[in-house]
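Here the structure is laid out as structure tokens; the discussion comes afterwards.
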Amino acid sequence: MATVEKIAVNAIMAGCEPPYFPVVLAAVQALLDPAFNLRGVQTTDENVAPLFIVNGPAAARFEILHSGRR
């Protein structure tokens, strides 16, 4: 089971800085939504991976995200 605590521990170990954690948490929540069908993604025999695009105010707030703007 994915708890906020477990997600936070994994994010920290992956180098996620605290201000970015809400984006990580939102991504995990999206992955776990039954409409996304994560089971289908995990069990396919093709090469697939989820892609997350951070857009809008969150993208503008986090300048470190790779947006192409400098």
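Every number in this text was worked out from the coordinates using simple rules, so none of it is lab data. Everything quoted here is computed from the prediction, not taken from an experiment. Cβ sites come from the backbone with ideal geometry, for glycine too, and all protein chains shown count toward neighbours.
Worth a mention:
- The chain: angle of helix 21-32 to the longest principal axis, Cα-based, in degrees nearest 10: 20
- Cβ-placed point charges (K, R +1; D, E -1), dipole of segment 4-61 about Cα centre in debye, nearest 20: 140
- Helix-only mean residue ellipticity at 222 nm for the chain, each DSSP H run of n ≥ 4 adding -39500 (n - 2.57), per residue, nearest 500: -13000 deg cm²/dmol
- Farthest toward the positive end of the dipole of the chain, out of Asn37, Val9, Val54, is the Cα of Val54, where the dipole comes from beta carbon charges about the Cα centre.
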